[in-house]
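> Encoded as structure tokens, here's the structure I'll be asking about.
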Amino acid sequence: MTLSELPARADSAALSRLAASVPTEGDREEIPVEAPYSGDTIQTIPASTDADVSAAVERAREAQKLWADRPISERAEAVLRFHDLVLDERTELLDVAQLESGKARLDAFEEVLDVATTARHYAYRAADYLAPERRKGALPLMTDTRVYRHPIGVVGIVSPWNYPLTLSVSDALPALLAGNAVVLKPAEETPFSALLLRDLLREAGVPDDVFQVVTGRGGEAGAAVVEESDFVCFTGGTETGRTVAERAGANLTDCSLELGGKNPMVVLGDADLEKAVSGAVQGCFTNAGQLCISFERVYVERGVYDEFLDRFVRRTRGLDVGPGYDYGPDVGSLVGPDQLETVERHVEDAVSKGADVLTGGRARPDLGPYFFEPTILTGAREGMKLAREETFGPVVSVEPVESAREAIRLANDSAYGLNASVWTEDGERGREVARQIECGTVNINDAYAAAWASVDAPMGGMKDSGLGRRHGREGFLKYTESQTVAEQRAGAVTEPPDWVPEGWYAEAMTLLLRAMKRLPGVR
Ligand code: NAD
């Protein structure tokens, strides 16, 4: 399909309505939003200022109190209604996400799957997570100790452009269920997916001011969200994450940071190569490689290296790259000129320093302004940009290794630690290798979806890939303040009664401590 034949699916009147719905305190500069498939401006959105963000946070703070007072069952019902609306309205969501990110339709559909799965999981688990818990008291039988969970208040979410549906709302759902309000600042490139999801949350019964979207630039609107919120959930690049953490730290505001990666894939000699090759294609080229958990380094045991590489190159050459608002093309566009520039720079630098391009390696302006071919390189070495920096594009280096041990050493030789995968027919060996890889998630015989879609289990980065976790209990409880309430029913923990000499008391407590160490029920 040529660009002129490609209709922009999303209705422009709907986009204007969404842009006009961003609340501002006055007239604001308008930021153009581009369709990466064509490079055309599809709409503009307001550049929200500090004053706009302050007003949004103030409204959110007021609305949060009533929202938190609702029974958890009501909040969960709203999230389950949202789950259904997301599935019902998937066509419009897919059109808008594709329009502003340039991704392939199946990549956009992965986001719909993720949002619905996360909504279902947390809606059914929230009551458990929030239930008061009894904990062991200071003195057996005499101290009744319970832990309560309170919402933190206003959660500020700052999100990137690569998964505009998932990363706008999937982290917001547990925050809302825990009784918080949310103010979201989506990426400048992809505000409309977030605004559309906001409307679906409203339709599902989440009050207007409990989930708000402010638009605009990171250094202004994003920084103001970080400054004003009671908890910050940030997803984006590691350098931006450091700035966000510094500001949050100065305010003593807690935060979670989901940052970049340079993710390794390890293929052991006994792997099913057909499955491993499919995993490599998916893990390297989904979303044109603009996926925080995609692979940019593949290490293959020498005995199967040639065969793996040969099949991987053949499968990659067969990928259908191009624009399309229907299911079909395998690989879509990069999001914009900056991303294309980084990808081209990394490939040129590697080639100039001796790397071999086995397939791809070129931009494809004939398909659209920001398309780049899925690219496989070998001979990546220290000193090349792509050896250590995140490329965040459809570019991967494949290298042979002599043993699993060498693969583990190379996998860990990175400042990042987000996601990895290990391919082997021996599950036990796979787990043993996985445990030695310094990444927050490791998939065995799957690229990334096995760990990511296990929403009950924590997901996040070690080392420079982040702080804190999303998903599971960890991804819910971070949005709560714990409060310990301990009732002393008899005696006092550290005060002897008046009639007991202090020396006797000290001896009696010493005996008690010795006994407590030995009694399984109380230690
Ligand atoms: P980015 O860091 O440039 O921007 C992310 C968001 O932060 C945007 O909304 C931006 O406007 C905002 N921002 C920029 N400067 C800010 C500031 N000073 N204060 C507050 N907010 C600010 O990242 P990007 O280019 O949009 O996204 C790509 C990066 O995100 C990659 O490094 C990728 O690995 C990472 N990422 C990580 C995950 C994860 O879960 N770990 C998921 C997706 C993307």
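The values are calculated or read from the model by the stated rules, or taken from the named source; none is laboratory data. Nothing here was measured: the structure is a model prediction, and the numbers come from that model. Note: ideal-geometry Cβ built from the backbone for every residue, glycine included; neighbour counts use all protein chains shown. Note: accessible area is taken over every heavy atom of the protein model, side chains too, but ligands, DNA and RNA are not part of it. Shrake-Rupley method; radii C 1.70, N 1.55, O 1.52, S 1.80 Å.
> In the list Val53, Val79, Val112, which residue meets the criterion of being assigned to a helix (DSSP H, G or I), open to solvent by less than 10 Å² (accessible area, probe 1.4 Å) and touching a strand residue (DSSP E or B) at 6+ places or on another chain (Cβ under 9 Å)? Write out each step before concluding.
Numbers: Val79 fails: touching a strand residue (DSSP E or B) at 6+ places or on another chain (Cβ under 9 Å); Val112 fails: touching a strand residue (DSSP E or B) at 6+ places or on another chain (Cβ under 9 Å).
After ruling out the rest, the residue left standing is Val53.
> Consider region 311-321. How many of its residues are out of contact with any Lys or Arg (no Cβ under 8 Å at 6 or more places or on another chain) and in contact (Cβ under 8 Å) with a residue 12 or more places away in the chain?
So the first thing to find is which residues in region 311-321 are out of contact with any Lys or Arg (no Cβ under 8 Å at 6 or more places or on another chain), and the list is 311-320.
Of the ones still in play, those that are also in contact (Cβ under 8 Å) with a residue 12 or more places away in the chain are 311-313, 315-317, 319.
Selection size over region 311-321: 7.
> Being under 15 Å from the mean Cα position of the chain (by Cα) and charged (D, E, K, R) narrows it down to one of Asp426, Asp464, Asp446, so name that one. Steps first, answer last, please.
Values: Asp426 fails: under 15 Å from the mean Cα position of the chain (by Cα); Asp446 fails: under 15 Å from the mean Cα position of the chain (by Cα).
When all the criteria are applied, what remains is Asp464.
> Taking the options Ala492, Ala447, Ala420, Ala407, name whichever one is part of a loop (DSSP other than H, G, I, E, B) and in contact with a helix residue (DSSP H, G or I) (Cβ under 8 Å, 6 or more places away or on another chain).
Values: Ala492 fails: in contact with a helix residue (DSSP H, G or I) (Cβ under 8 Å, 6 or more places away or on another chain); Ala420 fails: part of a loop (DSSP other than H, G, I, E, B); Ala407 fails: part of a loop (DSSP other than H, G, I, E, B).
After applying the criteria, what remains is Ala447.
> I would also like to ask the following. Cβ-Cβ distance below 8 Å, separation of 6 or more or different chains: which pairs start in region 234-263 with a residue that is on the phi > 0 side of the Ramachandran plot and end on one that is in a strand (DSSP E or B) and more than 10 Å from the ligand (Cβ to nearest atom)?
none
> Another question about this same structure. Quick one: Ala181 ticks every box in (1) of a type in the set (A, V, I, L, M, F, W, C); (2) within 9 Å of the ligand (Cβ to nearest atom); (3) within 21 Å of Leu477 (Cβ to Cβ) except a single one, so which number is it?
(2)
> Which of (1) surrounded by fewer than 24 Cβ atoms within 10 Å (Cβ to Cβ); (2) touching a residue at least 40 places away in the same chain (Cβ under 8 Å); (3) more than 16 Å from the ligand (Cβ to nearest atom); (4) not charged (D, E, K, R) is the odd one out, the single condition Thr342 does not satisfy?
Every condition holds for Thr342 apart from (3).
> Here's another thing I want to ask about it. Based on this model, can you work out whether Leu99 counts as open to solvent by 10 Å² or more (accessible area, probe 1.4 Å), among the aliphatic types (A, V, I, L, M) and either closer than 25 Å to Asp11 by Cβ or modelled with pLDDT of 95 or more (or both)? Even if it seems obvious, please write down each step before you answer.
Numbers: open to solvent by 10 Å² or more (accessible area, probe 1.4 Å): no; among the aliphatic types (A, V, I, L, M): yes; either closer than 25 Å to Asp11 by Cβ or modelled with pLDDT of 95 or more (or both): yes.
No, not satisfied.
> Assess whether Cys292 counts as being part of a loop (DSSP other than H, G, I, E, B), open to solvent by less than 40 Å² (accessible area, probe 1.4 Å) and within 30 Å of Asn443 (Cβ to Cβ).
yes
> Follow-up question, since we're still on this one. Scan Arg198, Arg134, Arg146 and give me the residue that is among the charged types (D, E, K, R), more than 14 Å from the ligand (Cβ to nearest atom), over 16 Å from the mean Cα position of the chain (by Cα) and surrounded by 24 or more Cβ atoms within 10 Å (Cβ to Cβ).
Values: Arg134 fails: surrounded by 24 or more Cβ atoms within 10 Å (Cβ to Cβ); Arg146 fails: surrounded by 24 or more Cβ atoms within 10 Å (Cβ to Cβ).
Matching residue, one of Arg198, Arg134, Arg146: Arg198.
> Go through region 201-252 residue by residue and tally those that are hydroxyl-bearing (Ser, Thr, Tyr) and open to solvent by 20 Å² or more (accessible area, probe 1.4 Å). Before the answer, list the steps.
Step one: filter region 201-252 for residues hydroxyl-bearing (Ser, Thr, Tyr), giving 215, 229, 235, 238, 240, 243.
Remaining after also requiring open to solvent by 20 Å² or more (accessible area, probe 1.4 Å): 240, 243.
Selection size over region 201-252: 2.
> Let me ask something else about it. Identify all residues within region 1-22 that are modelled with pLDDT of 95 or more and out of contact with any strand residue (DSSP E or B) (no Cβ under 7 Å at 6 or more places or on another chain); write none if there are none.
Scanning region 1-22 gives Arg17, Leu18, Ala20, Ser21.
> I'd like the full set of residues that are open to solvent by less than 20 Å² (accessible area, probe 1.4 Å) and farther than 23 Å from Gly466 by Cβ, limited to region 405-451.
Ala407, Trp423, Thr424, Gly430
> Just checking, which of Gly503, Gly468 is in contact with a strand residue (DSSP E or B) (Cβ under 7 Å, 6 or more places away or on another chain), outside the structural domain of Glu133 (by TED's automatic domain parsing) and either open to solvent by less than 80 Å² (accessible area, probe 1.4 Å) or free of Cβ contacts under 8 Å to residues at least 12 places away in the same chain (or both)? Steps first, please.
Details: Gly503 fails: in contact with a strand residue (DSSP E or B) (Cβ under 7 Å, 6 or more places away or on another chain).
Unique residue meeting the criteria: Gly468.
> In addition: Could you identify the single residue in Glu89, Glu133 that is within 30 Å of Pro32 (Cα to Cα) and in contact (Cβ under 8 Å) with a residue 12 or more places away in the chain?
On the way: Glu133 fails: within 30 Å of Pro32 (Cα to Cα).
Glu89 is the lone residue from the list that is within 30 Å of Pro32 (Cα to Cα) and in contact (Cβ under 8 Å) with a residue 12 or more places away in the chain.
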